[in-house]
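One structure below.
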């Protein structure tokens, strides 16, 4: 990447801020949008400099974070004992509950573990997970800054899309995870996660990029949480076109800007 950036630097207009342009090009290379014309990438960068590196301020004390960790551990244990779907399913090796910062500002939600996740016991560690890691890094965060989970905690047969009955039985545990972590923003990856949390049947291609809100159950006094639907990393890998990459980056940039604004307001 260094040699490529050196060549691109020589093309920068002297009136442009070289650091901002470099950050834009690095993001283009990371997400695979580097095949845009160089002049377009420089003059109309996808990234605003202030959004590239987010400084996430801690929202809770250490004791409160420990309490959230304890609650997540208890929920994991209860899920593995009681989940109507996962305790009756027979095609998985182990459940994949979720992982990450229990006090995360951003919560990524996928649909179900795949073959690699089922073997390792962690969410998003296969090829789609590597792409998700790139997506996270593109907005200046690390995987450990986020919380990552799936609608289903066990792998469906042949990695098929989760069935409505499976989502109905396992989905409530995801909603409890969200209540415990209480992030500032939820990013749903693909149709099943988006449909579950928004209670809609609209396809992801019509929902992605449009801000929505996830509202907890009526009996909860918790405020709603901002939600951004986008494509699942696996879909991005299958449809690796300039259009899909630009659409995903547009969604991520909106999330980064939202977090940057919310962080500055809380300081």
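The values are calculated or read from the model by the stated rules, or taken from the named source; none is laboratory data. Since the structure is predicted, the reported quantities are computational estimates derived from the model, not experimental observations. Here the Cβ is made from the backbone with ideal geometry for all residues, glycine too, and neighbour counts use every protein chain on show.
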The helices (runs of 4 or more DSSP H) lying entirely within the stretch 169-254 that contain at least 2 residues which are within 23 Å of residue 159 (Cα to Cα), at pLDDT 95 or above and touching a helix residue (DSSP H, G or I) at 6+ places or on another chain (Cβ under 6 Å) are 191-198, 233-238
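From 111, 99, 74, 117, which residue is assigned by TED's automatic domain parsing to the domain that holds residue 160, at pLDDT 95 or above and out of contact with any strand residue (DSSP E or B) (no Cβ under 9 Å at 6 or more places or on another chain)? Explain how you work it out, then say what you get.
Numbers: 111 fails: out of contact with any strand residue (DSSP E or B) (no Cβ under 9 Å at 6 or more places or on another chain); 99 fails: out of contact with any strand residue (DSSP E or B) (no Cβ under 9 Å at 6 or more places or on another chain); 117 fails: out of contact with any strand residue (DSSP E or B) (no Cβ under 9 Å at 6 or more places or on another chain).
Answer to the selection: 74.
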A careful count of residues in the stretch 150-168 that are assigned to a loop (DSSP other than H, G, I, E, B) and under 18 Å from residue 78 (Cβ atoms) gives 4
Q. Does the stretch 157-173 contain at least one residue that is surrounded by 16 or more Cβ atoms within 10 Å (Cβ to Cβ), within 12 Å of the chain's Cα centre (by Cα) and within 27 Å of residue 81 (Cβ to Cβ)?
A. no
Taking the stretch 121-132 and keeping only residues that are crowded, with 16+ Cβ neighbours inside 10 Å and outside any loop (DSSP other than H, G, I, E, B), one is left with 128, 129, 131, 132
Of the candidates 209, 190, 171, the one satisfying the condition of being touching a residue at least 24 places away in the same chain (Cβ under 8 Å) and closer than 13 Å to residue 108 by Cα is 190
Going through the stretch 177-208 in order, the residues found to be touching a strand residue (DSSP E or B) at 6+ places or on another chain (Cβ under 8 Å) and on the phi > 0 side of the Ramachandran plot are 182, 190
For this session: Kindly establish whether residue 142 is without any contact (Cβ under 8 Å) to a residue 40 or more places away in the chain and surrounded by fewer than 24 Cβ atoms within 10 Å (Cβ to Cβ).
Result: yes
